[in-house]
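Every read-out reported here was derived from the displayed coordinates using simple, explicitly stated rules and does not represent laboratory data. All of these numbers come straight from a predicted model, not from anything done at the bench. Cβ placement follows ideal geometry from the backbone for every residue including glycine, while neighbour counts extend to all protein chains displayed.
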């Protein structure tokens, strides 16, 4: 890596990631019968959403795809505590099931906000899924419904996740200290 690139520890390599996404699709497929919309929470969940959609398609599950651009971090490493809608979904979800896809489940605020936002728009139900779940994340009724892996309590980058806009394109999940 260049002199300006920090040391990034590999948490999951690309093959491990793809295997986890495939197992998650296998678990989700039976629930996704009927009319469903997959909603990608921008920007971080985009690679995960793309790979999950392909894994679902291999199982003959074809939800509509839309995106919701929410922001709570800006360029900081900690959530501001407020969730803002930068861009809303473009297709109606009235009467449809929604598979809400995020990158990291940590404070739970983003998914809670998005779930309520989509229920208000008439979604039949909202199932939440995250690539990574942090150990400190809420449990019980406020927990994410599904996740691909338990993440370390570290700052994650790669596979869509960033540090001040950098490292989203790494083909693995890494951690910075």
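Label positions at residue 14 and residue 141, each projected 7 Å from the Cα along the C-beta direction, are separated by 4.4 nm. Counted over all Cα-Cα pairs of region 41-177, pairs farther apart than 22 Å make up 35 percent.
For region 9-72, the Kirkwood estimate of hydrodynamic radius, built from reciprocal distances between every pair of different alpha carbons, is 12.6 Å.
How much mean residue ellipticity at 222 nm does the chain get from its helices, if each DSSP H run of length 4 or more adds -39500 (n - 2.57) and you divide by all residues, to the nearest 500 deg cm²/dmol? One gets -7000 deg cm²/dmol as the mean residue ellipticity at 222 nm.
Once the Cα atoms are used to define both axes, helix 46-57 deviates from the longest principal axis of the chain by about 50 degrees. Region 3-50 and region 135-177 have Cα centres separated by 10 Å.
Taking 0.36 nm per residue of separation and subtracting the Cα-Cα distance, full extension of the segment from residue 62 to residue 172 would add 37.0 nm.
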